[in-house]
Amino acid sequence: MESKRKKRGGIAAVTVGVAALVASACGGGAATNEPIDFGYVGWPEAIAKTNIAETVVQALGYETTSTELQVPTIFQGLETGDVDVFVEAWFPTMQPILDNTEPGSVKSVVVNMPEATYSLAVNKPACDAGVTSHEDLAEHEEEFRGEIYGIEPGNDGNIIVQEMIDNDTYGLGGWELIESSTSAMLAEVDSRSRNDEWIVFTGWEPHWMGQKYDMCLLEDPEMMWGESSRVETLATASLEENEELWQFFEQMTIDQDTQATWIDMIDNSGMEPEEVALTWLRDNPETTRRWLEGVETVDGEDGFEALQEHLENQ
């Protein structure tokens, strides 16, 4: 099936947002004759998981679209039905954004990865010097230049960091949040680490950053980042009417090692995201068989067999 891929970035994603999605008439994928629209953020894990899910949905006989947006805009799209699926929703940090949507308009399909970590992190020089908790940051403001590096504007992690600064939590009242992107943030981590300089930034696991930079995810006594993280698949409420797709998304669960593999493939293999998806799907039929158990195509055929045929023809 045709995949119509639209990309928007930076401030344009916020200002255009849902209005652009409505104009493209790509939402409302509960009906089989309408595209299934995936919203995603430009994180490697979200890019990989979205491309893999999208490839499977295409194999089941649906047209798809995928749109890169910022997190708040994805939630707005899910609320209005202009985005059908978001497969990389991190909780509990995104809970406040979900709470701002109309009750019942956004459904949690499944916890697709039950164990993850999202917090502030420091690189090896700072970690080796004994910075292991958010409580250790304020006394080393000079070494950190009073800066905390985040990712894209509107990200839930950035919101938490800004709240800590605004409320002087952990004595961070005079600090500055530097918003950028995952790649820009990690480029700064790389530069500081090579020069034996300190940096504090938003970090998460699974991700290859932990191995490359030997970083420390900081303890959080005030529980600003909530309990242990999990990753969920969210859908617009009307998608639940499509029983076959709903069952697939319910069964599309992974572990940390799988997500780490996807991130590494996106960032370090040199392959395009579509090629990453096809390569991984071809190499892991035992997983996709589980995902598609009992799932049929739009024509009533076996979903797993349809996926294998789709992969052979790509």
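The values are calculated or read from the model by the stated rules, or taken from the named source; none is laboratory data. These numbers were taken from a predicted model, which means no experiment stands behind them. Ideal geometry is used to build each Cβ from the backbone, glycine not excepted, and the neighbour counts take in all protein chains shown. Heads up: the accessible areas ignore ligands, DNA and RNA and are worked out on the full protein's heavy atoms, side chains in. Shrake-Rupley method; radii C 1.70, N 1.55, O 1.52, S 1.80 Å.
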- Query: Considering every Cα-Cα pair within region 193-314, what fraction, in whole percent, is farther apart than 22 Å?
  - Reply: 54 percent
- Query: For region 82-111 and region 125-158, what is the separation of their Cα centres, given in Å?
  - Reply: 28 Å
- Residues whose built amide H sits under 5 Å from the amide H of residue 178, excluding neighbours closer than 5 in sequence, are 148, 149, 150
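What FRET efficiency would be calculated for the residue pair residue 135, residue 197, taking the C-beta separation as r and a Förster radius of 25 Å, to the nearest 0.05?
Between residue 135 and residue 197 the formula returns 0.70.
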- Item | Accessible surface, 1.4 Å probe, highest first, among residues 69, 98 | 98, 69
- Item | Per principal axis, descending, Cα span of the chain in whole Å | 64, 39, 30
- Item | Difference of contour (0.36 nm per residue) and Cα-Cα distance, residue 34 to residue 128 | 28.4 nm
- Task: Multiply the residue separation of residue 142 and residue 250 by 0.36 nm, subtract the distance between their alpha-carbon atoms, and state the gained length in nm to one decimal.
- Result: 34.1 nm
- If all Cα-Cα distances of region 117-217 are sorted into 10 Å bins from 0 onward, what percent lands in each bin, rounded to whole numbers? 17, 55, 28, 1
- Task: Write down the accessible area per residue of region 117-217 in Å², having rolled a 1.4 Å probe over the full set of protein chains.
- Result: 40 Å²
- Message: Around residue 174, under 9 Å between beta carbons, what's the net of Lys plus Arg minus Asp minus Glu among the other residues?
- Response: -3
- Task: Would you list which aspartates and glutamates come within 14 Å of residue 124, measuring only between C-alpha atoms, while excluding same-chain residues fewer than 8 positions from it?
- Result: 143, 188, 190, 196, 197, 214
- Percentage of interatomic Cα-Cα distances in region 80-138 larger than 14 Å: 69 percent
- Item | Within region 217-231, backbone nitrogen closer than 15 Å to the virtual label 7 Å beyond the Cα of residue 111 toward Cβ | 226-231
- Roughly what would the spin-label model give for residue 95 and residue 243, points 7 Å off Cα along C-beta, in nm? 3.4 nm
